[in-house]
Amino acid sequence: APQIHAATKRHAAEIGKIGFVFFILQVTTAVAYTSDSVLIANKLGAAAVAEFAVPDRLFALISLVVGFVVMPLWPAFGEAFARGDHVWAKRTLVKGTWLALGVSTALAIVMVVGGRAIIEAWVGSTVQPSVALLIGLGAWRILEATASASSMYLNGLRIVWFQVAIATMTAAVALSAKLLMVEKFGVYIVPWATFISYAMFAGLPMLLFLKARIK
């Protein structure tokens, strides 16, 4: 059983440092991906928020479902690395990524095809999202879900500053793009700006980093 005398200041400091870094990562992620409604309200007015927020809430279910599968991999990866089982970690990363891709793609297709009907049954006919918005939300959630297994892998290794760096870059580019384009193109451009920014400044660097790390 855990014993209080086994706790040390050094271990407490290590936990505090890694917790602080995760806090920075969560704040950066929140700025990049959860401030869209505020941005839309500022640029297009409060009336335009529902057009984006309602379908966005629907597609957020994809992240929720995939999270149930992927989140437990974080401590599992940590334990595997602690005992040196890198073969299992690599194999599980590949399987987890393919599983997340398959589940998210299946759910996204259902939501894109039936999104309008689902939303009308949910909130009525006041919200009529465009097909471009639904496809953009689906593409973004698929990319986010597919990358989640890699994030758990990096978390298990406690490689957090790298994630903070790419998240900060992604947030800066995504917010700049949205600020410049949302007034001209409307709310449908928001998920596409997030998708492209994440793919270029987070997804690709993460893929290259993991490829080199695993090799």
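Each value in this text was obtained by applying a stated rule to the coordinates, not by laboratory testing. What you are looking at is a predicted structure, and each value in this text was computed from that prediction instead of being measured. Heads up, the Cβs are rebuilt from the backbone with ideal geometry, glycines too, and the neighbour counts pull from every protein chain shown.
Worth a mention:
- Against the chain, whose longest principal axis comes from its Cα atoms, helix 131-156 is set at around 10 degrees.
- Value of Rg to Rh for the range 4-214, rounded to two decimals, is 1.02; Kirkwood radius and Rg both from alpha-carbon coordinates.
- Straightening the chain between residue 1 and residue 47 buys 10.9 nm, computed as 0.36 nm per residue apart minus the Cα-Cα spacing.
- Lysine pair count for the range 4-214 with Cα-Cα distance under 20 Å and sequence separation of 8 or more or different chains is 5.
- Taking 7 Å steps out from each Cα toward its Cβ at residue 65 and residue 109 produces label points 1.2 nm apart.
- Each Cα pair under 8 Å and six or more residues apart adds its separation to the average, and for the range 1-151 the resulting relative contact order is 29 percent.
- Every helix of 4 or more DSSP H residues in the chain counts as -39500 (n - 2.57), and over all residues that averages to -28000 deg cm²/dmol at 222 nm.
- Computed over the range 123-168, Kirkwood Rh from alpha-carbon pairs, angstrom: 13.0 Å
- Note on residue 12 and residue 90: with the Förster distance fixed at 22 Å, the Cβ-Cβ geometry gives a FRET efficiency of about 0.10.
- Whole-Hz ³J(HN,Hα) from phi, Karplus 6.51 cos²θ - 1.76 cosθ + 1.60, for the range 197-212, glycine and proline x: 4, 5, 4, 7, 10, 10, x, 5, x, 5, 4, 5, 5, 5, 4, 5
- Once both labels are positioned 7 Å from their Cα atoms along Cα-to-Cβ, the gap between residue 120 and residue 132 label points is 2.2 nm.
- In order through the range 34-44: 3J(HN,Hα) via Karplus (6.51 cos²θ - 1.76 cosθ + 1.60), integer Hz, x for Gly, Pro: 10, 9, 5, 5, 5, 5, 5, 4, 5, 8, 10
- Angle between the chain longest axis and helix 161-185 axis [Cα atoms, degrees, rounded to 10]: 0 degrees
- As computed over the range 54-159, the Cα convex hull volume per residue (Å³): 81 Å³
- Sites residue 82 and residue 214 - FRET efficiency at Förster radius 22 Å, r taken between beta-carbons, to 0.05: 0.80
- Between the listed residues 12, 114, 49, the Cα displaced farthest toward the positive end of the dipole of the range 4-214, a dipole computed from Cβ unit charges relative to the Cα centre, is found at 12.
- Taking a point 7 Å from the Cα of residue 34 along the Cα-to-Cβ direction, the residues of the range 42-63 with backbone N closer than 18 Å to it are 53-63.
- Karplus-based coupling profile of the range 10-27, in residue order and whole Hz: 5, 5, 4, 5, 4, 5, x, 5, 5, x, 5, 5, 5, 4, 4, 4, 5, 5, with θ = phi - 60° in 6.51 cos²θ - 1.76 cosθ + 1.60 and x standing for Gly or Pro.
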